[in-house]
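I have placed the structure first, in the form of structure tokens, so that the comments after it can refer back to it.
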Amino acid sequence: MPDLKIVEVLTRIIDVPLVRSHKFATTSMDAQPILLVSIKTDGGVVGHGEGVVPGGPWWGGESVETMKVIVDRYITPILLGRTVDDLTKIMLDIERVVANARFAKASVEVALHDAWARCLNVPVHTLLGGAFRNSVDVTWALGAAPVAEILDEAAEKLDSRMHFSFKLKMGALEPDVDTQRILDIVDGLGGRAGVRVDVNARWDRFTALKYLPRLADGGVELIEQPTPGEQIDVLAELNHLLPVPIMADESVSTPHDALEVVRQGAADVIAIKTTKCGGLAKSREIAAIAKAAGIACHGATSIEGPIGTAASIHFACSEPGINFGTELFGPLLFAVDILQEPLRYGEGKVRLPEGPGLGVELDMGMVDKLTRD
């Protein structure tokens, strides 16, 4: 087995162009910035992790630029000279130096998992207890585009048998206009696919009480985070009112958040992003709380690249608590592939990568081309 001692930590920001603009409630993006973290051991093994947020600091307060400073200046000194199998203690030591910054921590934690698994010549899911399935369902996010554009894109995905359920972003338009847009899309799909919506915490209580029942009555099958994340009591009120599931996203970033959602009955589903939760271990803690309470979990995305997506696939395939599908579509939104062999999508699913570590290999020529000066 190669020497496990960490001798080098490298970070770089890459900007990956998208196949189309992806619109959120308050912003849109034509390229996804990614902080790529590479941890090298004395035995020559390199593990990779990603620091990614959906569309910039508007969502969780972090950006690739802030993550790079935190990893370079505060986390790297904790890593150097340690061994990658000392992962639990390393992450505890990082917690003593860096508060919050869960996206930055996730990039390092995943890189440690990748490096350790490669040293052992086993897949990352082995370190998580082993995979019990080799693929997971993937919902496609259609963003906040106009109705005709949405329906064309959905038809293409259905006809190619790539995806069979869709999530639509809300919150960028006036609520009445936005709600009618969704109802028109549901009607236009004619029952060919399930439709979910994500308001990205942009509505207040009164707006949600007025318009969410219309969405539920109109055929929307799930409503994600309609109101601000900290207002868990409001989320609970809505969850008790509506006949369709509420999914908590911005409301749950930590195990304590998940416990509070359970206590108040604030959601039927919890969106687990391995990035926003601070890595694989913390994601498993949240899934354990949800399982104990009978709450479903969804493998959510921050529009990760293939490294972050591969890590989430390993997590989802080894965690029975992820029982409400996933939206691990990130690499499909990219106009270029940064892997030597792309992840395998089809028939509404993505397959678990095979091989040591995360089971994927970067195309360093493309990574170099996309690296920000």
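The values are calculated or read from the model by the stated rules, or taken from the named source; none is laboratory data. Everything quoted here is computed from the prediction, not taken from an experiment. Counting neighbours? That spans all protein chains shown, and the Cβs are built from the backbone with ideal geometry, glycine included. Protein only, heavy atoms only, side chains kept; ligands, DNA and RNA dropped before computing areas. Shrake-Rupley method; radii C 1.70, N 1.55, O 1.52, S 1.80 Å.
If each residue of separation counts as 0.36 nm, what is the full-extension length gain between VAL7 and MET364 once their alpha-carbon separation is subtracted? Provide the component values of the computation, followed by the final result.
On the way: separation 357, 0.36 × 357 = 128.52 nm, distance 2.02 nm.
Full extension from VAL7 to MET364 adds 126.5 nm.
Taking every alpha-carbon pair under 8 Å whose residues sit at least 6 apart, the chain reaches a relative contact order of 20 percent.
Can you give the angle from 0 to 90° between the axis of helix 232-241 and the longest principal axis of the chain, with both taken from C-alpha atoms, to the nearest 10? In the chain, helix 232-241 runs at an angle near 50 degrees to the longest axis. Summarising the label geometry, the points placed 7 Å from Cα in the beta-carbon direction at ARG205 and ARG96 lie 4.3 nm from one another.
What is the helix-to-structure angle for 87-97, meaning the angle in degrees between its Cα long axis and the longest Cα principal axis of the chain, kept from 0 to 90 and rounded to the nearest 10? For helix 87-97, the angle is close to 70 degrees.
Please report the net charge: other residues with Cβ closer than 12 Å to the Cβ of SER160, K and R +1, D and E -1.
Values: positive: LYS157, ARG161; negative: GLU153, GLU156, ASP159, GLU347.
Taking every Cβ under 12 Å from that of SER160, the sum is -2.
Accessible surface of the chain, 1.4 Å probe: 51 percent of it comes from carbon and sulfur atoms.
Between the alpha-carbon centres of the stretch 267-292 and the stretch 10-60 there is a gap of 21 Å.
For the residue pairs LYS68/LYS291; LYS276/LYS349; LYS89/LYS273, alpha carbon separations beyond 28 Å are given by LYS68/LYS291.
Can you work out the accessible area per residue across the chain, with the rest of the protein chains kept in place, probe 1.4 Å, in square angstrom? The partial results should precede the final answer.
Details: 14040 Å² over 373 residues.
Heavy-atom SASA per residue in the chain reads 38 Å².
Treating only the Cβ atoms of Lys and Arg (+1) and Asp and Glu (-1) as charged, compute the dipole magnitude of the stretch 46-191 about its Cα centre; round to the nearest 20 debye. All intermediate terms of the calculation are to be shown ahead of the outcome.
Working: 14 positive and 21 negative charges, 159 e Å.
I would put it at about 760 debye.
Would the stretch 241-315 count as rounded, prolate or oblate if I go by the C-alpha gyration tensor, calling it rounded below 1.5 in a/c and otherwise prolate when a/b exceeds b/c, oblate otherwise? Please list the in-between numbers first.
Details: a/c = 2.21, a/b = 1.65, b/c = 1.34.
Prolate.
Counting only Cβ charges, +1 for Lys and Arg and -1 for Asp and Glu, the dipole size of the stretch 113-259 around its Cα centre is about 460 debye. May I ask you to list the residues of the stretch 202-239 whose amide nitrogen lies under 19 Å from a point 7 Å from Cα along the Cα→beta-carbon direction of MET29? The answer is 202, whose backbone nitrogens lie closer than 19 Å to the label point. For GLY299, the shell of other residues with beta-carbons less than 10 Å away shows a net charge of -2, using +1 for Lys and Arg and -1 for Asp and Glu. The ARG214 and GLU153 beta-carbon pair, evaluated with R₀ = 22 Å, returns a calculated FRET efficiency of approximately 0.40. Compared with the dominant principal axis of the Cα atoms in the chain, helix 255-264 is inclined by about 20°.
What number comes out for the charge environment of THR88, summing +1 per Lys or Arg and -1 per Asp or Glu over other residues with Cβ under 15 Å away? Don't jump to the answer; show the numbers that get you there.
Working: positive: ARG82, LYS89, ARG96, LYS105, LYS282, ARG284; negative: ASP85, ASP86, ASP93, GLU95, GLU109, GLU285.
That works out to 0.
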